[in-house]
Every structure is written in structure tokens, then in C-alpha cells.
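Notes follow once the structure below has been shown.
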Amino acid sequence: QVQLVESGGGLVQAGESLRLSCAASGRTFSTYVMGWFRQAPGKEREFVAAIIWSGGSTWYADSVKGRFTISRDNAKNPVYLQMNGLKPEDTAVYYCAAATSLTRLVHTSGYAYWGQGTQVTVSL
């Protein structure tokens, strides 16, 4: 089992920034990819970004490319999601997830472990 805990959400105005953190514990040696997803009210959970556990290759949804950055300094540090230039449409609950392979990287079904989520609200 892998336990994931997100933090860093909050209420900001459009154009401002937030940094989310995801701390992983447990059987993390089986983790290959860490991802961030988000779910707005009445919508399906959608892919935001992903990074190889060791801090290598990254992937982004088109809607956040150029504004969000996923990072990980080394195997002992949390995974971060730096969100700049936030827009009201970024408002959602953001979830951290862990996967054991690259299969279905941008789909929720590709991830075995999930955090409890952290709310991000962007006002005009």
C-alpha cells in the first residue's frame, strides 16, 4: 500500500499562484509514476500532470501546459505541483495519485493509489 497526502490548496485570485505538495509513504518502492488529477463540481476527474517517480520525464494536460510545473527533487521529497497564472476554470479538488507503470498515464484507471484531495478555488 502507498499512502498519499496532499496539501497546499486554498483560495486565490485569478493570476495568482499556488504550490501543491503530495507526500508519499508506505511501499513507495513500487511506485513508478506520480500524477496530479483534478475534479470540478459536476465534472469527471481529469488528468493534470505526471512525473516519473525518480524525477525524470513529465507530462501535462494541454489546459495547464506553460502554467503548471510538476517536480520532484529526489526520492525522499514530496511531489510538487506549482500552479502559476491561475484561472477560475482551474477551480477543483486536486488529487495526487501513484501508479506502478506508464500504462494509461492520463487516465484515472492507470493509478492504483490516491490521496484525499485538496481544494483549489480561484476567484475573479
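None of the figures in this text is laboratory data; all of them are computed from the coordinates on show. As the structure is a prediction and not an experimental result, all values here were calculated from the model. Glycine also receives a Cβ, built like all others from the backbone with ideal geometry; neighbour counts cover every protein chain displayed.
Figures for the structure shown
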read-out: The chain, relative contact order [Cα under 8 Å, separation at least 6], %; value: 35 percent
read-out: Under-5 Å amide H pairs with Gly117, H placed in peptide plane, nonlocal only; value: Glu6, Cys96
read-out: Karplus 3J(HN,Hα) series, Hz, for region 14-26 with 6.51 cos²θ - 1.76 cosθ + 1.60 (x for Gly, Pro); value: 3, x, 7, 10, 9, 10, 8, 10, 10, 9, 10, 8, x
read-out: Virtual spin-label span in nm between Ser25 and Val106, 7 Å along Cα→Cβ; value: 3.4 nm
read-out: Distance in nm between pseudo-label sites at Lys65 and Gln116 (7 Å out along the Cβ direction from Cα); value: 3.5 nm
read-out: Cβ-defined net charge surrounding Cys96, 15 Å radius [Lys, Arg +1; Asp, Glu -1]; value: +2
